[in-house]
Each structure stands twice: as C-alpha cells, then as structure tokens.
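I have placed the structure first, in the form of structure tokens, so that the comments after it can refer back to it.
The values are calculated or read from the model by the stated rules, or taken from the named source; none is laboratory data. Small disclaimer: the values here were computed from a predicted structure and weren't measured. Because the Cβ atoms are built from the backbone with ideal geometry, glycine has one as well, and the counts that use them run over all protein chains shown.
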C-alpha cells in the first residue's frame, strides 16, 4: 500500500483526530468516489478529504469526483471524532486500492 | 439493514434511463430499489403515465420514493401521476438527471432517510465538475 502514514492523535477526551496522506495509484474515478462516499457515511466522525487547495466532505460523491484527483497526486484523509482512526484507515484503504 | 429509499428515473428515452441505471449501480449500489420509466408505452421517445406509476409502486419499500425526471414532459407526467395517486412519501426532486441520480443512490445506499436522499439529489446542482 503506497501510503505515507503520519497519524496525529490527540486524546483529550474520547474524541481523537487522525490523518493520513495517500498517493493515488490511479485517477480518482467515479467508482472509488462512490465507495468513499458510502464508507464515509458509516462513521460518526467528521471526515475531510484534501487535494491540493480543496477540501471536501467525502460523503458527497459528486464533490469527491469534482476534486479531479489524478494518478500520483496526494489525497489527505482527516477525521475527528470517536471513530476517527477507523474512518481514516477505511478511507485510506479505498484510496490506496483505487484502480 | 432496513429497506432504503426507492429511486425512480423518468426519462423520454428508455435507453437513457437504462444506461443511467447501469451507471448508478456501478458507482453507487445495486441494492437500492431502483426503477426506470423511459419512453412511451410503445417504445418511442416520450413519457408514459402508466410506466411512471408502475415504477413508483415497484420501488416503494415503505421508506419513501424519490422521483427524478429528466426534463419537460417527464416532469409533467410524474406530477400528474402523483396528483392522481397521492403518495405522502413520494417526492419529485428538481435535480440534474445524471448527477442527481448518482448522489441519490449513493446516499440511499448508506441508509439515509427520504429528506436526506432528496437533498443530496438537489444539492447535485451546486457541485462543480471542474
């Protein structure tokens, strides 16, 4: 998996923050965008995807496609909330597995 | 997981509706109740009252139905059907056809309620492609 993992965890209360940068192995097409949106909707944490100077909520499949993220570029997954670590892990895996 | 909101694609063209269906099944989900009402009863370009009514009934799992018309008489036909057969949980949503369908199906697949699915389709108008 071509991810560079730098989770920054702050456990002030039960809320944690995580992030991970993934170098895309393929263009971020419609199909992985759909997978990301459906996966993101299963977590309670607030999740963001950052690409270049744009940040979107990954539950919006059209917004994810609109990032125009291409092969070799970096997408950063950020999450804050009780299941942030799992959310980042799950979304990063989808990004890293995109074909 | 409980049943999800149903989606109906109303188009002047059976091929357009069928093609959009294939697309949203790949991007979103093939488990969301989805029906198409494309073309006239005899397969020409146009819309069919009976096909729209049958489509709405076929996807109703008790969680509500979002009806997405492509344009023009699709809108009018869908409206007439729902006026003649009032259905409190069926909404005609003003949205771009392709983008609205993709957003609605992805949102419905996550178990969202009727309003959330309808809003996702409406908001598709404001998401930039570029």
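For this structure, a couple of remarks:
- Matching residues, region A:32-46, being under 23 Å from residue B:26 (Cβ atoms) and surrounded by 15 or more Cβ atoms within 10 Å (Cβ to Cβ): A:32, A:33, A:34, A:35, A:36, A:37, A:38, A:39, A:40, A:41
- Elements of the type helices (runs of 4 or more DSSP H) sitting completely within region A:14-99 and holding at least 2 residues that are more than 14 Å from chain B (Cβ to nearest Cβ) and in contact with a strand residue (DSSP E or B) (Cβ under 9 Å, 6 or more places away or on another chain): these cover A:84-96.
- Residue match in region B:103-120 (condition: away from chain A (no Cβ under 11 Å), part of a strand (DSSP E or B) and within 24 Å of residue A:63 (Cα to Cα)): no
- Single residue of B:118, B:108 found to be over 11 Å from the mean Cα position of the chain (by Cα) and either at pLDDT 95 or above or surrounded by fewer than 18 Cβ atoms within 10 Å (Cβ to Cβ) (or both): B:108
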